[in-house]
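The values are calculated or read from the model by the stated rules, or taken from the named source; none is laboratory data. No experiment lies behind these values; they were computed from the predicted model shown. Note: ideal-geometry Cβ built from the backbone for every residue, glycine included; neighbour counts use all protein chains shown. Protein only, heavy atoms only, side chains kept; ligands, DNA and RNA dropped before computing areas. Shrake-Rupley method; radii C 1.70, N 1.55, O 1.52, S 1.80 Å.
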Amino acid sequence: MPQKTAIVTGAARGIGAATAKRLAQDGFAVAVIDLDEKQCAETVSAIESAGGKALAVGADVSDSDQVTAAVERVAAELGNPVALVNNAGVLRDNMLFKMSDSDWDTVMSVHLRGAFLMSRATQKYMVEAKWGRIVNLSSTSALGNRGQANYSTAKAGLQGLTKTLAIELGKFGVTANAIAPGFIATDMTKATAERVGASFEDFSKAAVSTIPVARAGEPDDIANAASFFLDERSGFVSGQVLYVAGGPRD
């Protein structure tokens with residue numbers, strides 16, 4: 001089988017970096033996209049040191065022109081992208097009465113508009129290849145979470161986008177699925193702890209106390225789920241939302 005090319009957004013650190021590294025292990029050439037191309041260097045270096053092939057690309061996924069340029073660059077330098085992980089995300093947490101228009105718009109733009117733009121830009125390569133995989137990063141916050149009206153709405157919207165992509169693209173051999181992480185130890189959850197005025201240790205302990213498997217999730221837990229959805233053998237799994245949260249979710 002020829003090497004396939006995957007794109008992972010928000011891949012400079014955390015879940016995105018872990019996913020990019022895992023996909024490289026799975027045999028993909030990986031485009032590591034983040035807002036600052038220089039910040040992608042560590043992820044790219046780790047992939048190349050392990051014998052993989054990677055490319056750092058700087059782009060704002062909420063900007064249509066930048067997305068088009070980034071995807072065209074990936075196709076030219078790494079190969080036509082047939083796998084996409086929409087992981088890029090930001091937090092602008094606040095209670096509803098304190099949430100600004102900018103807080104709302106920024107989160108919607110990066111999570112929802114970004115996933116839409118990236119999916120639209122890459123789908124043509126997947127349709128042409130008659131094979132493709134799209135994975136969107138949702139969250140257990142899609143079920144509702146205090147202080148995250150913007151984030152929760154965006155993550156719920158990604159689930160609707162996922163199911164629609166699965167319906168529209170399925171006949172072309174393209175699957176679309178979503179992963180909804182629970183509590184994962186990342187810089188983003190540390191930022192949430194700061195928002196509520198708790199130390200990360202205390203915040204983590206409180207979260208773990210509610211998780212049936214009695215531990216916090218790690219970025220590799222999400223990377224492993226993404227690996228399954230992007231595998232050649234998962235072609236009959238599409239339009240699904242997998243909660244990777246250490247136990248049941250409604």
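Within the set of pairs 6 or more residues apart or between chains, which connect a residue that is open to solvent by 80 Å² or more (accessible area, probe 1.4 Å) inside the stretch 215-244 to a residue that is hydrophobic (A, V, I, L, M, F, W, C) and in a loop (DSSP other than H, G, I, E, B) with Cβ atoms less than 9 Å apart?
Filtered contacts from the stretch 215-244: Glu218/Ala185; Phe228/Val237; Glu232/Met1; Glu232/Trp131.
Among the numbered criteria (1) at negative phi; (2) open to solvent by 10 Å² or more (accessible area, probe 1.4 Å), which single criterion is violated by Gly14?
For Gly14, the failing item is (1).
Give just the number: which of (1) at positive phi; (2) open to solvent by less than 50 Å² (accessible area, probe 1.4 Å) does Gly197 not satisfy?
Of the numbered conditions (1) at positive phi; (2) open to solvent by less than 50 Å² (accessible area, probe 1.4 Å), the odd one out for Gly197 is (2).
Open to solvent by 30 Å² or more (accessible area, probe 1.4 Å) and touching a residue at least 40 places away in the same chain (Cβ under 8 Å): does that describe Ser64?
It is true that Ser64 is open to solvent by 30 Å² or more (accessible area, probe 1.4 Å) and touching a residue at least 40 places away in the same chain (Cβ under 8 Å).
Which numbered condition trips up Ala223, out of (1) closer than 15 Å to Gly89 by Cβ; (2) in a helix (DSSP H, G or I); (3) within 14 Å of the chain's Cα centre (by Cα); (4) among the small types (Gly, Ala, Ser)?
(1)
Consider Arg133 against the criteria (1) assigned to a helix (DSSP H, G or I); (2) crowded, with 23+ Cβ neighbours inside 10 Å: it satisfies all of them except one. Which criterion is unmet?
Against the list (1) assigned to a helix (DSSP H, G or I); (2) crowded, with 23+ Cβ neighbours inside 10 Å, Arg133 comes up short only on (1).
What do you reckon, is Ser141 among the hydroxyl-bearing types (Ser, Thr, Tyr), in a helix (DSSP H, G or I), in contact with a Ser or Thr (Cβ under 8 Å, 6 or more places away or on another chain) and within 24 Å of Asp65 (Cβ to Cβ)?
no
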